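The values are calculated or read from the model by the stated rules, or taken from the named source; none is laboratory data. All values reported here derive from a predicted model rather than from experimental measurement. When we count neighbours, we look across all protein chains shown, and the Cβ atoms used for this are built from the backbone with ideal geometry, even at glycine. Areas reflect the complete protein model, heavy atoms only, side chains present, ligands, DNA and RNA absent. Shrake-Rupley method; radii C 1.70, N 1.55, O 1.52, S 1.80 Å.
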Amino acid sequence: MSTTLKTTVYLDASEYRRLKTIAREAGRAPAELIREAVSEYAKRHGRRRLPTSLGAGRGSAGDAGARAEELLAGFGRS
């Protein structure tokens, strides 16, 4: 269970009226819409974690770096 914290958001009058209209039309509370919007924003703009396996393994070909151009030839072509 997550902890819910209270915060204050200031909106100009026209934004507030629009929010209330959207909430009423959706049958939801304005605060619910704000929480949803903040959650979506945080998911899109939050720090992305790198895969934990990135660079962790060893390939069998020790010369992969020297042969990069050869190994990648044609990569991305259909």
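Enumerate the calculated ³J(HN,Hα) couplings along the range 13-29 in order (Karplus 6.51 cos²θ - 1.76 cosθ + 1.60, θ = phi - 60°), each rounded to whole Hz, writing x wherever the residue is Gly or Pro.
Result, ordered by residue: 4, 5, 5, 5, 4, 5, 4, 4, 5, 4, 4, 4, 5, 8, x, 10, 7 Hz.
On the full set of protein chains, 1.4 Å probe, figure out the accessible area of ARG28 and give it in Å² to the nearest 10.
Accessible area of ARG28: about 80 Å².
What is the extension gain from SER2 to GLU70, computed as 0.36 nm multiplied by their sequence separation minus the C-alpha to C-alpha distance, in nm to one decimal?
Working: separation 68, 0.36 × 68 = 24.48 nm, distance 5.10 nm.
Contour length minus Cα-Cα distance gives 19.4 nm.
Between beta-carbons, use under 15 Å as the cut-off and find the net charge around ALA23, counting Lys and Arg +1, Asp and Glu -1.
Working: positive: ARG17, ARG18, LYS20, ARG24, ARG28, ARG35; negative: GLU15, GLU25, GLU32, GLU36.
Net charge in that neighbourhood comes out at +2.
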